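Asks: Sharing a structure here in structure tokens format.
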Amino acid sequence: MTDPVAISVNQVSKQFGQGADAFFALDQVSVDIRENEFFTLLGPSGCGKTTLLRLIAGFEHPTAGHIQLHGEEISHLPPFKRPVNTVFQNYALFPHLTVAENIGFGLDMQDKPAAEIESTVTEMLQLVQMESMRDRRTDQISGGQQQRVALARALAPHPRVLLLDEPLSALDYKLRKGMQIELKRLQLETGITFIFVTHDQEEALTMSDRIAVMNNGQILQVGSPNDIYDRPSHRFVADFIGDTNFLSAELVESSSEHAVVKLSSGKNLVTGPTEATLNNVVSITVRPEQAVLIDDLANADLQGTVTNIMYSGTDSHFHIELPSQEEFVAKVQNAGPARRDWETGQTVGIKFHDNAVQIVED
Amino acid sequence: MSSSIVSPKKLFSIYKLPGFTFIAITCFVMLYAPIMILVGYSFNEGSSLALWEGLSLRWYYSAWQNEAVKDATLLSLIIALQASLYSTVLATMAALGTTRTRAYRGQTAIYAMINQPLMVPEIVTAVALLIVFATIKQATGYQGLSFLVIAHTAFCVPFAYLPIRARLEDMDRSLEIAAADLYATPWRCFRRVTLPLLLPGILAGAMLAFVISLDDVVITEFVKSAGQDTLPTFMLGQIRRVITPEMNAIASALLAVSVLMVSLIFLINRKKT
Ligand SMILES: Nc1ncnc2c1ncn2[C@@H]1O[C@H](COP(=O)(O)OP(=O)(O)OP(=O)(O)O)[C@@H](O)[C@H]1O
Ligand SMILES: [Mg+2]
């Protein structure tokens, strides 16, 4: 059961500068964002997240490609004609208006009757729990409260899609955690599609229905947090989200259902299907918590020498040097049943959990 | 907002340079002593400019009674009000045109041209206007006030322009983007966001233009037709004949107006930042 598409981005490119200075901030990006979805754009600084958001909002226009809202072409509409609102990173509250006037601004510009504006503003103030601040000036409220006003202001006109550009990055850790929960609640309550930008992978994993991981102006992978974490398609994605190990392996069998890779140890492992060419060397990734250390070398997928043990409270990280000169890090829970009394210099076997191995594109 | 603990002022202090205090005091004395003396003597009872004969408002009263002074004051105000209004409108448009557009060729040249009255010697502008206006006066026979209003408007534009432009450049551009995002058409965005935020700059620009127009001698002297004396040109005419303490009183009053205006500009700009 999938909801209909709210925003459809089709082969969109955005070029800044001309000639020798030409630079593609977005390079043929395509993605469908569904109704009622909490959709996150995740990627390092400069990868084009803000640019994509600005194209959807209408502050910039694409060099090539199309953006559709519920099937209607909007790529060249000015921002004030798009039923899409933005929560700005710096909030951009109007300093000459009160909290209530800020929230009512969008409705006022849509020429809604005063009574309707009044009641919607009251409703929005309740939604973000700011009723008592109604007549304050925006410089008389705290950063977290400004954040709520910015949210309420963008939600008040009931946009089809709400764009949020790193709205939490200016807040301190505790406030940030609180606002994450609040944002999620608001999204569920209003049923509005949220397109949320962040470069914080943890934030993306906890809040999103789906995540698009971006790098260098391209979307590398779109999927649920679980997909992205457990089945990264690219080396970059695996590396950007959480800690992971990369190993070289040979692709020895490939079909539409599964693939088989041969590890440096000679062991064969089954993975998901891949588009890589048969008998080529491929990169595989295994999360540190997806392996256990065992004595029984014959039964192990890999073996190596423990070179370093790092204790980190909840778990210990065993650094193991493989015969292939690669390094593998295994994370063992300190409270769990697994054996962990290994010492540096010892030879250990590494056994992967089922489905732990994933082939990634470089 | 937190500031660094060691302020740069502590690292290098101009106050500690040898002779700083002496030079500073000398400058202030040279700037303000003559003005203080002028203001002081405007309250002199006697008719001498050098001899103090007691405190009185006699010369203010005498200036107040003087029909010629009244006429000149009125004319000055009429011209200054019109010139500051027109120049502020023009300056606002110029400021918007130089900050709220995509970068275009010749932008710097336009910026320089708007500010040229600050650079070109006033006497040059005065002579140029004299020649042009004289031709028009001859051709049309029209001798009215418009020439003075146009001339004043022209040289007031850069003074009005500077504070308006400064304010536009300081303004957070994302506010206008946010307004557009919230369904404001470009015109309503200007009316509801840009203009209200720009208002202190516009007021400051208008007042500056007003003071500048009120003070002007050179251009007015060249452009005016017979009988069109503003307060400064009237004073100039008077002083050529005989210097009376009445001039002190008028000058002091003019000074009071200017100081008031400048203080207002200062207050308006401080309130918003
Ligand atoms: N107006 C512009 N002119 C030229 N280059 C631009 C412009 N806007 C963005 N860029 C470039 O496009 C690239 C993508 O920028 P963008 O702001 O989308 O990055 P981002 O992913 O939002 O990064 P961050 O996490 O730092 O906000 C950057 O390299 C940036 O320098
Ligand atoms: Mg950004």
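Asks: Condition (residue is within 20 Å of the chain's Cα centre (by Cα), under 21 Å from residue A:153 (Cα atoms) and more than 14 Å from ligand 1 (Cβ to nearest atom)) applied to segment A:39-58: is it met by at least one residue?
Replies: Yes, some residue in segment A:39-58 is within 20 Å of the chain's Cα centre (by Cα), under 21 Å from residue A:153 (Cα atoms) and more than 14 Å from ligand 1 (Cβ to nearest atom).
Asks: In the set A:172, A:200, which member is surrounded by fewer than 20 Cβ atoms within 10 Å (Cβ to Cβ) and within 16 Å of ligand 1 (Cβ to nearest atom)?
Replies: Only one candidate passes the filter, namely A:200.
To keep it simple, each residue is scored yes or no on (1) within 14 Å of another protein chain (Cβ to nearest Cβ); (2) under 15 Å from residue B:72 (Cβ atoms).
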{"site": "B:185", "(1), (2)": "yes, no"}
{"site": "B:210", "(1), (2)": "no, no"}
{"site": "B:226", "(1), (2)": "no, yes"}
{"site": "B:230", "(1), (2)": "no, yes"}
{"site": "B:248", "(1), (2)": "no, no"}
{"site": "B:270", "(1), (2)": "no, no"}
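Asks: Show the residue pairs that are 6+ apart or on different chains and have beta-carbon atoms under 7 Å apart, the first residue being within segment A:193-207 and farther than 19 Å from residue A:51 by Cα and assigned by TED's automatic domain parsing to the domain that holds residue A:157, the second being charged (D, E, K, R) and surrounded by fewer than 20 Cβ atoms within 10 Å (Cβ to Cβ).
Replies: Listed by first residue and then by second, the contacts come to A:207/A:184.
Asks: Which is within 16 Å of ligand 2 (Cβ to nearest atom) and either among the β-branched types (Val, Ile, Thr) or closer than 29 Å to residue A:68 by Cα (or both), of A:151, A:155, A:168?
Replies: One residue alone meets the criteria, A:168.
Asks: Among the residues of segment A:39-72, which ones are surrounded by fewer than 17 Cβ atoms within 10 Å (Cβ to Cβ) and among the β-branched types (Val, Ile, Thr)?
Replies: A:63
Asks: Quick check on segment A:63-103: of everything there that is assigned to a strand (DSSP E or B) and of a type in the set (Val, Ile, Thr), which residue is farthest from residue A:165 (Cα to Cα)?
Replies: Looking at residues that are assigned to a strand (DSSP E or B) and of a type in the set (Val, Ile, Thr), I get A:98.
Asks: When you look at residue A:30, is it more than 14 Å from chain B (Cβ to nearest Cβ), part of a loop (DSSP other than H, G, I, E, B), within 22 Å of the chain's Cα centre (by Cα) and within 28 Å of residue A:239 (Cβ to Cβ), yes or no?
Replies: No; evaluated as a whole, the condition is false for this residue.
Yes/no matrix, rows are residues, columns are (1) modelled with pLDDT under 90; (2) within 14 Å of the chain's Cα centre (by Cα); (3) within 16 Å of ligand 2 (Cβ to nearest atom); (4) within 14 Å of chain B (Cβ to nearest Cβ):
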site	(1), (2), (3), (4)
A:159	no, no, no, yes
A:175	yes, no, no, no
A:178	yes, no, no, no
A:188	no, no, no, no
A:196	no, yes, yes, no
A:228	no, yes, no, no
A:246	no, no, no, no
A:251	no, no, no, no
A:257	yes, no, no, no
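Asks: For segment A:7-24, give me each residue that is surrounded by fewer than 22 Cβ atoms within 10 Å (Cβ to Cβ) and in a strand (DSSP E or B). Spell out the reasoning first.
Replies: Filtering segment A:7-24 for residues surrounded by fewer than 22 Cβ atoms within 10 Å (Cβ to Cβ) gives A:8, A:10-11, A:13, A:15-24.
Once the filter is applied, which keeps residues that are surrounded by fewer than 22 Cβ atoms within 10 Å (Cβ to Cβ) and in a strand (DSSP E or B), segment A:7-24 yields A:8, A:10, A:11, A:13, A:15, A:16, A:23, A:24.
Asks: Please determine, by comparing only the residues of segment A:79-100 that are within 30 Å of the chain's Cα centre (by Cα) and free of Cβ contacts under 8 Å to residues at least 24 places away in the same chain, which one is nearest to ligand 2 (Cβ to nearest atom).
Replies: Checked segment A:79-100; the qualifying residue nearest to ligand 2 (Cβ to nearest atom) is A:79.
Asks: Looking for whichever is outside the structural domain of residue B:230 (by TED's automatic domain parsing), surrounded by 13 or more Cβ atoms within 10 Å (Cβ to Cβ) and not hydroxyl-bearing (Ser, Thr, Tyr) here; the options are B:89, B:39. Which one fits?
Replies: The match here is B:39.
Asks: Filter segment A:104-115 down to the residues that are in a helix (DSSP H, G or I) and within 21 Å of residue B:185 (Cα to Cα), then identify the one that is farthest from the other protein chains (Cβ to nearest Cβ).
Replies: Result: A:114.
The values are calculated or read from the model by the stated rules, or taken from the named source; none is laboratory data. These numbers were taken from a predicted model, which means no experiment stands behind them. FYI the Cβ positions are ideal-geometry reconstructions off the backbone, even for glycines, and counts take in every protein chain you see.
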